Amino acid sequence: MKTKLFTGMIAATVAATALAVPPVLNFDTAQAQATSLAGKKGNVKRRLPRGHGACPDAVQEYIKASGHSAYASTSINDFNATNYICGSAINRKSVKEAEALALASCEAGAKKWKYAYKGKCEIHASK
């Protein structure tokens, strides 16, 4: 009988403690949702590619990203040029870091495929 009473007291104490603790996680989640960048294009400086392929897919991932991100590409405004190199950085600590990493990614591709594109790597969008 004492065991049952003791178990009941623990359960009552646990239930009372659970009710008394404020839901801190919910506030953090609400704040994260309020500041989410997901679905936003951010600061678009140059034309973004559309359609299918690695670079348009990278743009879609950039748009879906909830944190600071950037997309860089060589020139895509020249309609005679069908090839271009791109790079992106998703969910970084700051816009500056995302832009630096996206440019580095694009420039690494530009070194690898030297004659497959026109222009230099530039930031096309960041958030």
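The values are calculated or read from the model by the stated rules, or taken from the named source; none is laboratory data. These numbers come from a predicted model, not from an experiment. Positions of Cβ are generated from backbone atoms using ideal geometry, with glycine treated the same way; all protein chains shown enter the neighbour counts. Just so you know, the surface numbers come from the protein's heavy atoms only, side chains and all, with ligands and any DNA or RNA stripped out. Shrake-Rupley method; radii C 1.70, N 1.55, O 1.52, S 1.80 Å.
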I'd like the full set of residues that are within 21 Å of Lys114 (Cβ to Cβ) and either open to solvent by 20 Å² or more (accessible area, probe 1.4 Å) or at pLDDT 95 or above (or both), limited to region 67-86. Ala72, Ser75, Asn77, Asp78, Asn80, Ala81, Thr82, Asn83, Tyr84, Cys86
Return the only residue of Lys114, Lys41, Lys64, Lys93 being touching a helix residue (DSSP H, G or I) at 6+ places or on another chain (Cβ under 8 Å), surrounded by fewer than 19 Cβ atoms within 10 Å (Cβ to Cβ) and either of a type in the set (Lys, Arg) or modelled with pLDDT under 80 (or both). Lys41
